[in-house]
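The values are calculated or read from the model by the stated rules, or taken from the named source; none is laboratory data. It should be emphasised that the depicted structure is a prediction, and the values quoted were computed from it without experimental measurement. When we count neighbours, we look across all protein chains shown, and the Cβ atoms used for this are built from the backbone with ideal geometry, even at glycine. Ligands, DNA and RNA are stripped out before the accessible areas are found, and what is left, the full protein with its side chains, is counted by its heavy atoms. Shrake-Rupley method; radii C 1.70, N 1.55, O 1.52, S 1.80 Å.
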Amino acid sequence: MYNFGLHEHINAILKEKKMDVAGKDNSFYTRMLANAGAVFELYLELYQHRSDTEQLFDRLIQTVIAAYETRSASLKKRDTEKLQKEHWFISNEITGMSLYVDRFCGDIKSMQNKLDYFEQLGVNFLHLMPLFESPANESDGGYAVSNFRKVDERFGTLEDLQALQSSMQERNMYLMLDIVLNHTSHKHEWALKAKQGEKQYQDYFYFYNDRSLPDEYDKTMPEVFPESSPGSFTYIKEVNKWVMTVFHNYQWDLNYTNPQVLIEMLDTIFFYANLGVDILRIDAPAFIWKQLGTTSQNLPQAHTILRLIKQCVQIATPGMALLGEAIVAPKEIMKYFGTDNYTGRECDFAYNATQMALQWDMLATGDTKVMLAAQQEILKKPYGTSWITYTRCHDDIGLGYDDEMIAAAGYNPYQHRKYIKDYYSGAYSGSPATGALFSVNDKTGDARISGSLASLCGLEKALKEKDEKAIELSIQKILLMQAHSFFLGGVPMLFYGDECGYTNDYSYLKEDGKSYDNRWMHRPLIDWKKNKKIDKEGTVEHSIFSGTQKLIAIRKQLSVIADKSNISWITPHNIHVATYLREHHGSRFWGVFNFKDEASFLTWYAFKEKGNPPATLYDHWTGETLTVGGDHEFLVLKPYEFRLFDANLTL
């Protein structure tokens, strides 16, 4: 609904600032008028009960205007170029890599010398894991931030980061950084002032004089780290109070019922936008609103905050997309793209964590039924939004898909999950995987899985046993997993080290602040002598790197792979074989993946059930052209073999 009074008020603010709304600032002015009503509506949903609502809303609008005014001309130009494209980030030409700068190459300056490496691989989008100041040994991998605007000296300086961003932009590369909205380090300026007794800053967090309310919260709030950090509150002796600490006791949860916290963090978001960030990864958004008597996860108000942030970003810095790092059940993840009037207007990206975990399910079982049972929910993603698709990341593998999906496939959910955990942790006899269980909850039996892509695919064990056949099979499994992820739709995100087969790195056991967290086993220290082997034929590193490189190159050739919400799954004619179809403007692509450790047979009818049947299929991976239904009744797939078929193109 048009709000005349609001628009008049905004016009008055812009006039006072002498903005050229008819000239160079017209596009900003248009976006402001188009989105201001939504911003106001969302703000009132959260804070209309407060006496200072109008005053703080004015401050929020001033924050949005200031972000635009301080944005550089080059970034404003890039905004315009991105807006001229239809959802620039759904392109098949973008491939990413996520990495820890210090473990990858030492520091930010050294990253400049690695840009050629990324270009050789085909990666043009970098997610640099947390770079901003966090206390040594209390950093949670950088997610316990003590200063949101100061690069940690371990990595370099803010000027180093700006220089790297400039170099990346010259190469038409994209940058993603993290923002931790849910909490700060207990050594952040706000926390330190709260410890000194300043009421203003205690109100930035959830402080309680005694255990009465914390005990009530704990009745319904699940423990995030039950082994290392049980409970959700920590006693602060300096003020004789309890503070909410859902993650670790050194991470204090921010209180978004206080609008000043929202405005402060929105200003930080704009700080990152004006550094030149193309995609901002919002860490743990599911936790940002707390409510007594609930799990304090995925609450409606959390979505209201994300929608409000999105509308503000759309006004001031529209070239920056938002990724919501919500690793939740399929039905919940869809809400992070927006619902109702805000469908497609909340987060631009989410992690396809369900599909990632289901790939590992298929690899362990050789069965696609559970994965297919989940697709009804996953396919509900709205057009114009996209996934980050991946096989591994810095985090553990959680089996977060629903019990109903496992039951629909004919399995007992408890026994099925136990088998998956046993298979990857090495407890299952005959498993080739080398991994470990993380965050085991003895009360519920829940646990997640740690381990690198290569180790979980059997390479670590095969190398140790010097079993050449097992090594070859492990490499095939690695490429199968990557191929399945790359062509689904979304931006593929490699995790550093996976491109050349790094196995688990156990050096973390000797490091203070890391030894308690086995996720560090799949966050390797890169040995650049090892990486040089990518150029030596016959090495494991060359096989995996060149295979990954080829997959990226194929993907960039096929516009049908751009995420136009254009994926459908083929009937499971063979439960061991996952087959999906991508269609757009007459082009058709089939990804065919055998997750069985034996040869599998797929009827040619699989390629005839949707649309006109193709006479021939060109396989981009092998270079073969096959006649559909030719001399053989079935397509024969070797163990862990995959095919990337195109009905219209022969290269």
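Tabulated data for the structure shown
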quantity	calculated
Residue within segment 35-50 that is farther than 27 Å from Thr385 by Cβ and open to solvent by 80 Å² or more (accessible area, probe 1.4 Å) present	yes
Every residue from segment 424-444 that is out of contact with any Pro (no Cβ under 6 Å at 6 or more places or on another chain) and more than 19 Å from Leu463 (Cα to Cα)	Ala427, Tyr428, Leu437, Phe438, Ser439, Val440, Asp442, Lys443, Thr444
Residue satisfying condition, being outside any helix (DSSP H, G or I), open to solvent by 10 Å² or more (accessible area, probe 1.4 Å) and at positive phi, within set Gly344, Gly384	Gly344
Qualifying position, being modelled with pLDDT under 95, open to solvent by 10 Å² or more (accessible area, probe 1.4 Å) and part of a loop (DSSP other than H, G, I, E, B), among Glu86, Glu54	Glu86
Residue in segment 174-183 that is open to solvent by 20 Å² or more (accessible area, probe 1.4 Å) and part of a helix (DSSP H, G or I) present	no
Residue that is surrounded by the fewest Cβ atoms within 10 Å (Cβ to Cβ), among those in segment 91-133 that are among the hydroxyl-bearing types (Ser, Thr, Tyr) and over 21 Å from Asp505 (Cβ atoms)	Ser91
Tyr68 being aromatic (Phe, Trp, Tyr), surrounded by fewer than 21 Cβ atoms within 10 Å (Cβ to Cβ) and in contact (Cβ under 8 Å) with a residue 12 or more places away in the chain	no
Condition check for Leu581: in a strand (DSSP E or B), surrounded by 14 or more Cβ atoms within 10 Å (Cβ to Cβ), hydrophobic (A, V, I, L, M, F, W, C) and touching a Gly at 6+ places or on another chain (Cβ under 9 Å)	yes
Top-ranked residue of segment 547-569 - restricted to ones that are closer than 17 Å to Leu581 by Cβ and of a type in the set (Lys, Arg), ranked as least open to solvent (accessible area, probe 1.4 Å)	Arg555
Boolean, Asp396 is touching a Ser or Thr at 6+ places or on another chain (Cβ under 6 Å) and charged (D, E, K, R)	yes
Residue check, Leu266 touching a residue at least 12 places away in the same chain (Cβ under 8 Å), open to solvent by less than 30 Å² (accessible area, probe 1.4 Å), out of contact with any Phe, Trp or Tyr (no Cβ under 8 Å at 6 or more places or on another chain) and under 28 Å from Ile65 (Cβ atoms)	yes
Selection from segment 435-476 of residues that are open to solvent by 10 Å² or more (accessible area, probe 1.4 Å), closer than 30 Å to Glu583 by Cα and touching a Leu at 6+ places or on another chain (Cβ under 9 Å)	Ile475
Residue list for segment 184-218, filter: of a type in the set (A, V, I, L, M, F, W, C), out of contact with any Ser or Thr (no Cβ under 7 Å at 6 or more places or on another chain) and open to solvent by less than 40 Å² (accessible area, probe 1.4 Å)	Ala194, Phe205, Phe207
Segment 605-643: number of residues that are in contact (Cβ under 8 Å) with a residue 12 or more places away in the chain, within 16 Å of Arg588 (Cα to Cα), open to solvent by 70 Å² or more (accessible area, probe 1.4 Å) and not hydroxyl-bearing (Ser, Thr, Tyr)	3
Pair list, Cβ under 8 Å, 6 or more apart: segment 325-339 residue over 13 Å from Leu299 (Cα atoms) and surrounded by fewer than 20 Cβ atoms within 10 Å (Cβ to Cβ), other residue at pLDDT below 90 and not charged (D, E, K, R)	Ala329/Gly400; Ala329/Tyr401
Hits in segment 314-332 (condition: assigned to a helix (DSSP H, G or I) and not charged (D, E, K, R))	Gln314, Ile315, Ala316, Pro330
Residue check for Tyr390: hydroxyl-bearing (Ser, Thr, Tyr) and open to solvent by 30 Å² or more (accessible area, probe 1.4 Å)	no
Segment 479-522: number of residues that are touching a Phe, Trp or Tyr at 6+ places or on another chain (Cβ under 6 Å), over 18 Å from Val123 (Cβ atoms) and not in a helix (DSSP H, G or I)	1
Some residue of segment 295-313 being under 21 Å from Glu138 (Cα atoms) and not polar (S, T, N, Q)	no
Any hit, segment 597-619, residues being under 21 Å from Trp360 (Cα atoms) and hydrophobic (A, V, I, L, M, F, W, C)	yes
Criterion: crowded, with 23+ Cβ neighbours inside 10 Å, within 30 Å of Arg211 (Cβ to Cβ), modelled with pLDDT of 95 or more and over 16 Å from the mean Cα position of the chain (by Cα) - qualifying residue of Val261, Val246	Val246
Given (1) without any contact (Cβ under 8 Å) to a residue 60 or more places away in the chain; (2) more than 27 Å from Ser431 (Cβ to Cβ), index of the condition Val592 fails	(2)
